[in-house]
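Working notes, beginning with the structure itself.
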Amino acid sequence: QVQLVESGGGLVQAGGSLRLSCAASGRTFSRYTMGWFRQAPGKEREFVAAISWSGDNTYYADSVKGRFTISRHNAKNTVYLQMNSLKPEDTAVYYCAAPETPYYTDPLSTYDYWGQGTQVTVSS
């Protein structure tokens, strides 16, 4: 059974940084694209970033490009989201996600497993 557990959220001032982690278990982590999404109050969940199974390709929403960095450590079964220059509009619950299908999947939309989320609050 696939499990995804996020950590690292918290309260930070605008301009600050946080690093989110997502620990995966239940299957061979290195075969799967991994993604981060977020959902702010009253808004739909939106794509933030994704990384290919090999780590060679990364994808970002325009709103976070240049500020956020996704990475993975396959030996630790963990994907990270380094968030710098945080803005109040980055406030949301952040979710880690993974697809059912290994290797090549649409990094923006094909996800079947989700973590419980971690709250990120950026104060102005």
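The values are calculated or read from the model by the stated rules, or taken from the named source; none is laboratory data. The model shown is predicted, which means the values in this text are computed figures rather than measured ones. With ideal geometry, Cβ positions are generated from the backbone for all residues, glycine too; neighbour counts draw on all protein chains shown. Just the protein is used for accessible areas: all its heavy atoms, side chains included, with ligands, DNA and RNA removed. Shrake-Rupley method; radii C 1.70, N 1.55, O 1.52, S 1.80 Å.
General observations
- Some residue of region 77-87 being in contact (Cβ under 8 Å) with a residue 40 or more places away in the chain and touching a Pro at 6+ places or on another chain (Cβ under 9 Å): no
- Of the candidates TYR113, TYR103, the single residue that is in contact (Cβ under 8 Å) with a residue 12 or more places away in the chain and in contact with a strand residue (DSSP E or B) (Cβ under 6 Å, 6 or more places away or on another chain) is TYR113.
- Set VAL5, VAL48: member being open to solvent by 50 Å² or more (accessible area, probe 1.4 Å) and touching a Gly at 6+ places or on another chain (Cβ under 9 Å): VAL5
- Exclusive hit being touching a helix residue (DSSP H, G or I) at 6+ places or on another chain (Cβ under 6 Å) and either farther than 23 Å from SER30 by Cα or of a type in the set (S, T, N, Q) (or both), set SER52, SER124, SER71, SER109: SER124
- Selection within region 1-60 - aliphatic (A, V, I, L, M), free of Cβ contacts under 8 Å to residues at least 60 places away in the same chain and farther than 16 Å from TYR103 by Cβ: ALA23, ALA40, VAL48, ALA49
- Tally of residues being within 13 Å of TYR95 (Cβ to Cβ) and among the hydroxyl-bearing types (Ser, Thr, Tyr) across region 35-78: 0
- When residues of region 68-110 are limited to those that are of a type in the set (Ser, Thr, Tyr) and modelled with pLDDT under 95, the one most open to solvent (accessible area, probe 1.4 Å): TYR104
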